[in-house]
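A.B. asks: Below is a structure I'd like to ask you about.
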């Protein structure tokens, strides 16, 4: 008889300095209380989240794995082995939902390959919240992650996505490293058609939240500052 396998719980994190239970369901807190094995992107951030959502958790009694761009295949396999041995694991990203713009997707894929149950828990996704609040096409949208850093390649890629957006009436969604937000906005203003709609969702769920959708010609005339703030950019060409 095959031994019982553990469950991989995908645990959402807050998007910034927000009290967890203001944006995350109580069920997530209850789940963390039942777990003793966790996968973090960064240990400090993961432990801080657990402490905030469950102050009574004993940090000394949990087993921590790290999963980020530096993780070796052997380390990820150790997580799978832990699940196969019957231990439940909670996967927590630094912000938002695990597996979306996050290295956790590799562990999730391996879990499926090993017939391990994957349970996603409800929480804030900056990408989905940005699309929801943009007023752009929510029936058809694509998350494209980061644009190329090389200026010429980035300009070419922006034009390609604008053409795709116009052809399929599909909202195109992007993120950027916070210290390059203003540079990307400048590139959008220089490259996109003035009539293309550009939505900027900044500091989502935080007290400083800013969300506005307007034509590119508006952004050219209004010098907004998004330096070092988490931003999701969405565009829709007409």
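A.B. asks: Hey, among the residues in region 88-128 that are without any contact (Cβ under 8 Å) to a residue 12 or more places away in the chain and over 10 Å from the mean Cα position of the chain (by Cα), which one's surrounded by the most Cβ atoms within 10 Å (Cβ to Cβ)?
C.D. replies: Among residues in region 88-128 that are without any contact (Cβ under 8 Å) to a residue 12 or more places away in the chain and over 10 Å from the mean Cα position of the chain (by Cα), the one surrounded by the most Cβ atoms within 10 Å (Cβ to Cβ) is 105.
A.B. asks: Quick one: in region 182-203, of everything that is in contact with a strand residue (DSSP E or B) (Cβ under 7 Å, 6 or more places away or on another chain) and assigned to a loop (DSSP other than H, G, I, E, B), which residue is farthest from residue 169 (Cα to Cα)?
C.D. replies: So the residue we want is 203.
A.B. asks: How do the pairs read when you match residues in region 129-149 that are free of Cβ contacts under 8 Å to residues at least 24 places away in the same chain with residues anywhere that are surrounded by 14 or more Cβ atoms within 10 Å (Cβ to Cβ) and assigned to a helix (DSSP H, G or I), using Cβ under 6 Å and keeping only pairs 6 or more apart or on different chains?
C.D. replies: Sorted first by the residue in region 129-149, then by its partner, the pairs are 148/154; 148/157.
A.B. asks: Is it the case that residue 207 is in a loop (DSSP other than H, G, I, E, B), in contact with a strand residue (DSSP E or B) (Cβ under 7 Å, 6 or more places away or on another chain) and without any contact (Cβ under 8 Å) to a residue 40 or more places away in the chain?
C.D. replies: No: the conditions fail for residue 207.
A.B. asks: Checking the condition surrounded by 15 or more Cβ atoms within 10 Å (Cβ to Cβ), over 23 Å from residue 14 (Cβ atoms) and under 21 Å from the mean Cα position of the chain (by Cα), which residue from 192, 206, 184 passes?
C.D. replies: Numbers: 192 fails: under 21 Å from the mean Cα position of the chain (by Cα); 206 fails: over 23 Å from residue 14 (Cβ atoms).
So the residue among 192, 206, 184 that is surrounded by 15 or more Cβ atoms within 10 Å (Cβ to Cβ), over 23 Å from residue 14 (Cβ atoms) and under 21 Å from the mean Cα position of the chain (by Cα) is 184.
A.B. asks: Only residues that are closer than 15 Å to residue 190 by Cα and in contact with a strand residue (DSSP E or B) (Cβ under 7 Å, 6 or more places away or on another chain): list them for region 148-165, please.
C.D. replies: Taking region 148-165 as the starting set, the residues that turn out to be closer than 15 Å to residue 190 by Cα are 151-162.
161, 162 - these are the residues of region 148-165 that are closer than 15 Å to residue 190 by Cα and in contact with a strand residue (DSSP E or B) (Cβ under 7 Å, 6 or more places away or on another chain).
A.B. asks: Just to be sure before I move on: is residue 171 at pLDDT below 95, out of contact with any helix residue (DSSP H, G or I) (no Cβ under 6 Å at 6 or more places or on another chain) and farther than 13 Å from residue 126 by Cβ in the structure I sent?
C.D. replies: On the way: at pLDDT below 95: no; out of contact with any helix residue (DSSP H, G or I) (no Cβ under 6 Å at 6 or more places or on another chain): yes; farther than 13 Å from residue 126 by Cβ: yes.
No; evaluated as a whole, the condition is false for this residue.
The values are calculated or read from the model by the stated rules, or taken from the named source; none is laboratory data. What you see is a predicted model; the values in this text were computed from it and never measured. Here Cβ is always computed from backbone atoms with ideal geometry, including for glycine, and neighbour counts include all displayed protein chains.
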